[in-house]
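> Handing you a structure now.
Each value in this text was obtained by applying a stated rule to the coordinates, not by laboratory testing. Keep in mind the model is a prediction, meaning the values are calculated, not measured. Virtual Cβ from ideal backbone geometry, glycine too; neighbours counted across all protein chains shown.
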Amino acid sequence: MTSPRRALIVIDVQNEYVTGDLPIEYPDVHTSLANIGRAIDAAHAAGVPVVVVQHLGPATSPIFARGSHGAELHEVVASRKRDHLVTKSAASAWTDTDLASWLAARGIDTLTVTGYMTHNCDASTINHAMHAGLTVEFLDDATGSVPYENSAGFASAEEIHRVFSVVLQSSFAAVGSTDAWIAAVRDGEPLERGSIYASNQKARAKLATV
């Protein structure tokens, strides 16, 4: 088995999600921030390049307004070194950025995703990466969600994060904890990835016993 050629991508770890108007509710933001810091430190120690992503909106935007405190990188990320900075205005870190060329130039075949939000910029970046031919990993305790309510209904942050994590593991990414990822990096191994068929079969078997 060939060891993964990883890059760690840290998506939108900005003040808006911690002290601003879009606070992460699940997992607890302080837990995810601590795990993001641990993942960055472990990546540097192992020679895994770290890409930091920053979302910037128009100056008139209610969130992530360019030049605002909310749009600034949180101290957990800002205080640590990085190998590359990507600024974006769309959900996916691939859209209108140099991410694809930067990864390709370094022979990266596996992208490990941390940061916010699970269901929006993380999922968009993961799906984009998978379709670009990369293997993707998602650290579910170094990410997080917010609750939503709109004309389609209500969903708590925990529901959104849990369901997206299950769906991602079924096809798009190998979902694991920060601890599991650090061990996998140390051992030069990939995280375990699921499949649509296996995920469905396991769910059907469980439901049949109810």
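> Working only within the range 140-167, note down all residues that are over 26 Å from residue 39 (Cβ atoms) and touching a strand residue (DSSP E or B) at 6+ places or on another chain (Cβ under 9 Å). Outline the logic, then answer.
Residues of the range 140-167 over 26 Å from residue 39 (Cβ atoms): 148-155.
Passing the criteria: 148, 149, 154, 155.
> So which helices (runs of 4 or more DSSP H) are wholly in the range 7-114 and hold at least 3 residues that are over 17 Å from the mean Cα position of the chain (by Cα) and touching a residue at least 60 places away in the same chain (Cβ under 8 Å)?
Ranges flagged: none.
> Check the range 116-128 and report whether any residue there is in contact (Cβ under 8 Å) with a residue 24 or more places away in the chain, surrounded by 20 or more Cβ atoms within 10 Å (Cβ to Cβ) and either at positive phi or not in a helix (DSSP H, G or I) (or both).
Yes.
> Among the helices (runs of 4 or more DSSP H) lying completely within the range 132-210, list those that include at least 2 residues that are surrounded by 11 or more Cβ atoms within 10 Å (Cβ to Cβ), at negative phi and among the charged types (D, E, K, R).
By residue number, 157-167, 178-187.
> Of the residues 8, 56, 22, only one is touching a strand residue (DSSP E or B) at 6+ places or on another chain (Cβ under 6 Å) and over 23 Å from residue 134 (Cβ atoms); which? Before you say what the answer is, go through the steps one by one.
Details: 8 fails: over 23 Å from residue 134 (Cβ atoms); 22 fails: touching a strand residue (DSSP E or B) at 6+ places or on another chain (Cβ under 6 Å).
Sole residue among the options that is touching a strand residue (DSSP E or B) at 6+ places or on another chain (Cβ under 6 Å) and over 23 Å from residue 134 (Cβ atoms): 56.
> Out of 35, 15, report the one residue that is in contact with an Asp or Glu (Cβ under 9 Å, 6 or more places away or on another chain), crowded, with 21+ Cβ neighbours inside 10 Å and closer than 24 Å to residue 161 by Cα.
Answer to the selection: 35.
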